[in-house]
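The values are calculated or read from the model by the stated rules, or taken from the named source; none is laboratory data. Remember, it's a predicted structure, so these values are computed and weren't measured experimentally. Don't worry about glycine lacking a Cβ; one is built from the backbone with ideal geometry, like all the others, and counts go over all protein chains shown. Side chains are part of the model used for accessible areas, which takes the heavy atoms of the whole protein and leaves out ligands, DNA and RNA. Shrake-Rupley method; radii C 1.70, N 1.55, O 1.52, S 1.80 Å.
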Amino acid sequence: MNDDLVIEQQSNTLPRLNVFQRIAGAIFSPERLMSDLEQKPRVLLGIILNVLAPVILMYGTFPMFKEYLRTTMEMTAANTAQQMTPELLDQVVNISAISTPIMGGIMAGGMFLIQALVIWLVTKIFKGQASYKQILSVLGYSSVISVLGTIVTVAVIYITGTYTDVTYTSLASLLPEIKGSFIYGVAKVVEVFYIWQLVVNAIGIAIVSKMDKKKAYLIMVLVLIVYAVFTGYSEIKAAALLK
């Protein structure tokens, strides 16, 4: 009997994972998780995790996050010659402290759906067989790693007492002297949990798309490059507002 047929028959007889096993699988056994998602894609948890990640980060560090907003707004107002009374500044900070996490969650959820669509289209170019729902499932459950990274960041922020827009597990945290440059923005993307998540994504895409792992890793490298360029450009634009 053909080896591929044996593997396929075995995967069809494996017991289904419950939600806790799937969450743990994203960290400890991604291949088993992705084989399960190939048979029965699940998208709700992924959407929830992507929406919650920025909310957890900002609301979870609310006092430091609010002070960070105040400092940023003061610098922006000073550099753009805007006149803001202390009362007006307090009002803007209070509103932004509530609305920014909510908008961040909504935008993260939308970007998750768009990213999955783009990756699904790219897999089609590489002759992949995955459905859009399967790609959503892969990216969604790999977001468990992103949330884990967010929890670590929240813990470090409380230890240091300072909110920052760059995670302590990224290369950028070692390069504060070039903050505001394109390279600094790119360095933000070179981050432990994000790279880990991309590796899990590649494993999942290879399994659900039934494509060679090299092609799946190539797709994730392309995602990394595009995201790094975008982040680098955004860093320059953000720095320009504070000059």
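Here are the numbers for the structure shown:
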| item | result |
| --- | --- |
| Residue check, P30 out of contact with any Leu (no Cβ under 9 Å at 6 or more places or on another chain), of a type outside the set (D, E, K, R) and at pLDDT below 95 | no |
| Subset of the range 52-99 that is among the hydroxyl-bearing types (S, T, Y) and surrounded by 16 or more Cβ atoms within 10 Å (Cβ to Cβ) - its residue that is nearest to T153 (Cα to Cα) | T61 |
| Any hit, the range 96-109, residues being within 18 Å of V55 (Cβ to Cβ), without any contact (Cβ under 8 Å) to a residue 24 or more places away in the chain and among the polar types (S, T, N, Q) | yes |
| Qualifying positions in the range 191-202 - under 12 Å from L139 (Cβ atoms) and aliphatic (A, V, I, L, M) | L198, V200, A202 |
| Pairs with Cβ under 8 Å, 6+ apart, first in the range 79-91 and within 23 Å of A239 (Cα to Cα), second hydroxyl-bearing (S, T, Y) and open to solvent by less than 90 Å² (accessible area, probe 1.4 Å) | Q82/T76 |
| Matching residues in the range 194-243 - criterion: being in contact (Cβ under 8 Å) with a residue 40 or more places away in the chain and farther than 25 Å from I27 by Cα | V229, T231, G232, Y233, S234, E235, I236, A238, A239, L241, L242, K243 |
